[in-house]
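Single-structure report; data block below.
The values are calculated or read from the model by the stated rules, or taken from the named source; none is laboratory data. Note that the structure is predicted; figures quoted are calculated from it, not measured. With ideal geometry, Cβ positions are generated from the backbone for all residues, glycine too; neighbour counts draw on all protein chains shown. Areas reflect the complete protein model, heavy atoms only, side chains present, ligands, DNA and RNA absent. Shrake-Rupley method; radii C 1.70, N 1.55, O 1.52, S 1.80 Å.
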Amino acid sequence: MSAIRIVEPGVHPELPNSVYHSSVGVSKTGLCRLDRAPIVFRDAIDHPGESKKSKSLVTGSVFHIAMEGAFERECSVGPDVKDKRQKEWKDFVKANVGKVCLTPGEALDVFRMRESLLSYGPAHDILAQPGRFECSFYWNDAETGELCKCRPDWISEHLLTIIDFKTCQDATEAAFVRAAERYHYHVSAAMTMDGVHAATGIRPDRYIFLAIEPHAPYLTAAYEATADDIERGRAFVRRNLATLKRCVDSGVWPGLPEEIRPLDVSRWRGRHQEEDEGEENPGVTEEPANEWWKS
């Protein structure tokens, strides 16, 4: 599989974000694509950069940049337009190629988020310690030989504590737990902790999510991955790295089952009823990962 750059296994504290994301190596995002269907992973390799980021993902990315202290280098604040389809905004974007362009209101939200998080007790206590933002780790998986990578948002100087910043519409506990399950936050914890250990020989002992809402009053909360979370995430990593090896060895990247399967709405409804009852608009519930090709 090809990518723009190859980075050697080890610790790379000064690696630019763009190089990390364009480099060879399996990340948590890649494993989640594999878990949907191997062809989704393959398509992202063959057609990089074609997906557009949602507004929430852009906000999260800029917040990470602000926490790292790189806002002025990587972002530009433009005119206060009512609609980004206006010529004034389009001209501003053209004049700032390569930077994240924000309106004054968007930039203000990001800095208020940063201020709120840094004043939040647990975050203030941990981030006051020596550590590093956005350090990249690369290693070869011992079982499959695949090159893997991770880039913790913040890691303490002695590599024992990892912080994962999460912007979310609802930082309360019940909502965050649902988001953690849906977006596989436990996989991030397991893969990052194991990756740091593989690259350095030091095993982190804490993985903490700092969740913050991107709107006033910028509610903030802290949640720590448990031993059970790590074990579940580790099983996910192992299963999907094994899937990747089979696909690489065979050259076959399957999609979804090529058969007519029973819909059986009641089966899924029973599985997710408790979650649905806590939502105003349950909509379509999420199925478990497709595992037909993993046996």
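Over the heavy atoms of Arg269, what accessible area does a 1.4 Å probe trace out, to the nearest 10 Å²?
Arg269 exposes around 110 Å² with every protein chain in place.
Can you work out the Karplus-derived ³J(HN,Hα) for every residue in segment 210-215? Use 6.51 cos²θ - 1.76 cosθ + 1.60 with θ = phi - 60°, whole Hz, and x for glycine or proline.
9, 9, 9, 7, x, 8
Taking 32 Å as the cut-off for C-alpha to C-alpha distance, list the pairs among Lys28/Lys55; Lys94/Lys245; Lys82/Lys149 that go past it. Don't jump to the answer; show the numbers that get you there.
Values: Lys28/Lys55 21 Å; Lys94/Lys245 42 Å; Lys82/Lys149 40 Å.
From the list (Lys28/Lys55; Lys94/Lys245; Lys82/Lys149), the Cα-Cα distance tops 32 Å for Lys94/Lys245; Lys82/Lys149.
Which residues' amide hydrogens lie under 5 Å from the amide hydrogen of Leu15, considering only partners 5 or more residues apart or on another chain, with H built in the peptide plane?
For Leu15, the qualifying residues are Ser136.
Can you compute the FRET efficiency between His158 and Ala242 using 1/(1 + (r/R0)^6), with r the Cβ-Cβ distance and R0 = 35 Å? Round to the nearest 0.05. Display every interim value, and only then the final one.
Numbers: r = 32 Å, r/R0 = 0.93.
The calculated FRET efficiency here is 0.60.
Report ³J(HN,Hα) in whole Hz for each residue of segment 216-224, in order, from the Karplus equation J = 6.51 cos²θ - 1.76 cosθ + 1.60 where θ = phi - 60°; Gly and Pro get x.
Those phi angles translate into 4, x, 6, 4, 10, 8, 10, 9, 10 Hz.
Using only the heavy atoms of the protein chains and a 1.4 Å probe, how would Leu34, Leu263 rank by accessible area, largest first? Present the calculation step by step, with values, prior to reporting the outcome.
On the way: Leu34 0, Leu263 125 Å².
Per-residue accessible area, sorted high to low, gives Leu263, Leu34.
Which listed residue (Ser156, Gly98, Gly255) has the Cα farthest towards the positive end of the charge dipole for the chain, taking +1 on Lys and Arg C-beta and -1 on Asp and Glu C-beta about the Cα centre?
Gly98
Counting only helical runs of four or more DSSP H residues, what would the 222 nm mean residue ellipticity of the chain come to if each run contributes -39,500 (n - 2.57) and the total is spread over all its residues? Provide the component values of the computation, followed by the final result.
Numbers: 12 runs with 137 residues, N = 295.
Calculated at 222 nm, the ellipticity per residue is -14000 deg cm²/dmol.
Around Val7, which amide H atoms from residues at least 5 apart in sequence, or from another chain, sit under 5 Å from its own amide H, with H modelled in the peptide plane?
Residues meeting the amide H criterion: Val24.
Explain nothing, just the number: dipole magnitude of segment 145-251 about its Cα centre with +1 on each Lys and Arg Cβ and -1 on each Asp and Glu Cβ, in debye rounded to the nearest 20. Before the final figure, lay out each step's value.
Details: 13 positive and 15 negative charges, 98 e Å.
Dipole magnitude for segment 145-251 comes out near 480 debye.
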